[in-house]
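Worksheet: one structure, shown below.
The values are calculated or read from the model by the stated rules, or taken from the named source; none is laboratory data. As the structure is a computational prediction, the values presented were derived from the model and not from experiment. Cβ: placed from backbone, ideal geometry, glycine included. Neighbour counts: every protein chain shown. Accessible surface is based on the protein model in full, side chains and every heavy atom, while ligands, DNA and RNA are left aside. Shrake-Rupley method; radii C 1.70, N 1.55, O 1.52, S 1.80 Å.
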Amino acid sequence: MPDEGLPLILLAIFLVICIAKGVKIVPQSEKYVVERFGRLRSVLGPGINFIVPFLDVVRHKISILERQLPNATQDAITADNVLVQVETSVFYRILEPEKTVYRIRDVDAAIATTVAGIVRSGIGEMELDEVQSNRQQLIASIKQQVEDAVDNWGIEVTRAEILDVNLDQATREAMLQQLNAERARRAQVTEAEGRKRAVELQADAELYAAEQTAKARRISADAEAYATGVVAAAIRDNGLEAAQYQVALKQVEALVALGKGEGKQTVVVPANAMDAFANAFTMLKGKG
């Protein structure tokens with residue numbers, strides 16, 4: 001009896017082994033590269049997959065999660081011969097594992113070397129000021145060139161960053177002196193423009209005052225001319241008596257104003273003052 005059950009046991013064990021080798025459950029974050037007799041057979045995606053037991057072998061288990069290369073620093077020389085140290089960071093993920101495992105041995109090292117060469121080449125075409133001010137443009141250019149370079153490796157570069165651009169001490173001091181000189185120049189220009197503006201405003205104020213004075217004089221002259229015209233018309237219409245009446249009236253008004261002074265004071269009256277009063281009253285009586 002024991003000998004009769006042995007084949008069934010062996011068959012059951014064989015079936016279990018076949019199922020274990022033929023059924024592959026791939027995690028969501030991975031892809032499996034399957035070989036048959038040393039050659040690429042297929043790539044298994046996430047989920048349940050079936051392969052031929054003993055013929056097909058899962059040779060590589062590749063993570064498709066996004067990866068980050070260690071931050072790298074490389075020296076580069078700008079177009080204006082300034083030595084800079086550029087710190088970069090690259091993120092990528094594997095899209096086609098069958099290309100990655102059969103075309104490149106060390107993915108991280110290959111991408112790092114490619115990035116270093118592209119960064120040196122890109123910075124070598126730009127001056128230092130452009131590197132500082134057009135960093136986003138430089139990053140976009142580096143990312144595009146890295147994507148083109150690693151396309152045959154089945155890799156997608158998701159992001160490339162320039163974390164920092166460091167200068168040597170001598171260059172830093174020279175840039176600081178240049179910055180201070182530029183600030184001093186701007187301060188002098190601002191001060192000169194302020195003085196110029198103050199002079200312009202003063203000239204405008206003086207011109208405005210002169211214009212207003214001229215307007216006042218013109219108005220006064222017009223009023224005087226109008227008054228003279230009125231008097232001339234009165235003389236023309238009423239004869240010499242109108243002029244004498246106006247003169248006598250002004251004399252009376254002057255004497256009245258002189259007499260209104262406050263305090264004790266001596267009022268000097270001209271000898272012919274009474275004659276002025278008499279003439280005025282006579283003319284008024286005649287007018288009536």
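If you go through the range 123-157 and keep only what is closer than 17 Å to residue 85 by Cβ and among the aliphatic types (A, V, I, L, M), you end up with 123, 126, 128, 131, 138, 139, 142. Within the range 92-112, is even one residue under 27 Å from residue 45 (Cβ atoms), hydrophobic (A, V, I, L, M, F, W, C) and loosely packed, with under 15 Cβ neighbours inside 10 Å? Looking through the range 92-112, at least one residue is under 27 Å from residue 45 (Cβ atoms), hydrophobic (A, V, I, L, M, F, W, C) and loosely packed, with under 15 Cβ neighbours inside 10 Å.
For the range 149-174, the candidate set comprises residues that are surrounded by 12 or more Cβ atoms within 10 Å (Cβ to Cβ) and free of Cβ contacts under 8 Å to residues at least 12 places away in the same chain; within that set, the residue that is farthest from residue 67 (Cα to Cα) is 174.
Taken over the range 62-76, the criterion of being assigned to a strand (DSSP E or B) and open to solvent by 100 Å² or more (accessible area, probe 1.4 Å) is satisfied by 68 alone.
Yes or no: residue 130 in contact with a strand residue (DSSP E or B) (Cβ under 8 Å, 6 or more places away or on another chain) and surrounded by fewer than 18 Cβ atoms within 10 Å (Cβ to Cβ)? No: the conditions fail for residue 130. Might you let me know whether the range 17-31 holds any residue that is under 26 Å from residue 154 (Cβ atoms) and touching a helix residue (DSSP H, G or I) at 6+ places or on another chain (Cβ under 8 Å)? Among the residues of the range 17-31, at least one is under 26 Å from residue 154 (Cβ atoms) and touching a helix residue (DSSP H, G or I) at 6+ places or on another chain (Cβ under 8 Å), which makes the answer yes.
Name the residues in the range 160-204 that are among the hydrophobic types (A, V, I, L, M, F, W, C) and either in contact with a helix residue (DSSP H, G or I) (Cβ under 9 Å, 6 or more places away or on another chain) or closer than 30 Å to residue 143 by Cβ (or both), would you? 160, 162, 163, 165, 167, 175, listed by residue number. In the range 2-58, counting only strands (runs of 3 or more DSSP E) that sit wholly within it, the ones holding 2 or more residues that are surrounded by 12 or more Cβ atoms within 10 Å (Cβ to Cβ) span 23-26, 30-36, 39-44. Is it fair to say residue 119 is in contact with a strand residue (DSSP E or B) (Cβ under 7 Å, 6 or more places away or on another chain) and within 30 Å of residue 41 (Cα to Cα)? Considered against the rule, which asks whether it is in contact with a strand residue (DSSP E or B) (Cβ under 7 Å, 6 or more places away or on another chain) and within 30 Å of residue 41 (Cα to Cα), residue 119 comes out as no. Quick one: is residue 177 modelled with pLDDT under 85 and open to solvent by 90 Å² or more (accessible area, probe 1.4 Å)? Answer is yes for this residue. Here's a check for you: in the range 217-240, which residue that is β-branched (Val, Ile, Thr) and open to solvent by less than 100 Å² (accessible area, probe 1.4 Å) is modelled with the highest pLDDT? Checked the range 217-240; the qualifying residue modelled with the highest pLDDT is 228. Considering (1) more than 30 Å from the chain's Cα centre (by Cα); (2) over 18 Å from residue 26 (Cβ atoms), the lone condition that residue 62 does not fulfil carries the number (2).
Checking each residue in the range 1-60 for being of a type in the set (Asp, Glu) and within 20 Å of residue 99 (Cα to Cα) picks out 30, 35, 56. If you go through the range 135-155 one residue at a time, do you hit one that is within 29 Å of residue 95 (Cα to Cα) and in contact with a Phe, Trp or Tyr (Cβ under 7 Å, 6 or more places away or on another chain)? Checked against the condition, which is being within 29 Å of residue 95 (Cα to Cα) and in contact with a Phe, Trp or Tyr (Cβ under 7 Å, 6 or more places away or on another chain), the range 135-155 yields at least one hit.
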